[in-house]
Structures are given as C-alpha cells and as structure tokens.
Amino acid sequence: MNQQDQTAYILILPIVVSNSNSNSVTYIHYIFNTKTNELMGYIKPSMGIMGLSGMVGGGSGKPTIEKVNLEKFSNLIKGKE
C-alpha cells in the first residue's frame, strides 16, 4: 500500500460459521490507515441478524462496500460513532 496521508483502505473479510444443520457467511468490513496500517474501525452485522442467519443458513452483512458503510466509516473516523 502507498503510505499516503489521509488515505485508508477497506478490507471485507468473510467468516464462515458451520454447524451440523447449516452454514452461514458473515461479512465484516475493516478500515485501515494506509500510512500506518493501523485498524481505524470495523463494521459487523448486528447480533440479531447474525443469529438469525446462523439458524436458517445463508449469511449476514454484504460482500460489497455500500454508501451506508462508507458513511459509517466516515463517522467512525471522525469520532461520531
């Protein structure tokens, strides 16, 4: 990564949860400072959504970056969340 000031990168990490009845994938979004590679924040689905998806199979969270997540990251960085 380029070590630029005021730049960040986002990593979307899928986490697979398997049990005897179902499999589910949860996507957690992380944002890192490009200059220091330090974690600046993360977004994960709510526990209710994660629990429901685990019971019925499927997944929670999104495998893509959407506007709402960019706004959440912006608020995290500014200390508003």
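The values are calculated or read from the model by the stated rules, or taken from the named source; none is laboratory data. Remember, predicted model here, so these are calculated numbers, not experimental data. Note that we place each Cβ from the backbone using ideal geometry, even for glycine, and neighbour counts take in every protein chain shown.
Quick look at the numbers
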{"item": "Top-ranked residue of the range 1-25 - restricted to ones that are touching a helix residue (DSSP H, G or I) at 6+ places or on another chain (Cβ under 8 Å) and of a type in the set (Val, Ile, Thr), ranked as modelled with the lowest pLDDT", "result": "Val17"}
{"item": "Condition check for Ile28: surrounded by 13 or more Cβ atoms within 10 Å (Cβ to Cβ), of a type outside the set (Asp, Glu), at pLDDT below 90 and at negative phi", "result": "no"}
{"item": "Candidate set: the range 31-50, residues that are under 16 Å from Thr64 (Cβ atoms) and in contact with a Ser or Thr (Cβ under 9 Å, 6 or more places away or on another chain); chosen: the one modelled with the highest pLDDT", "result": "Lys44"}
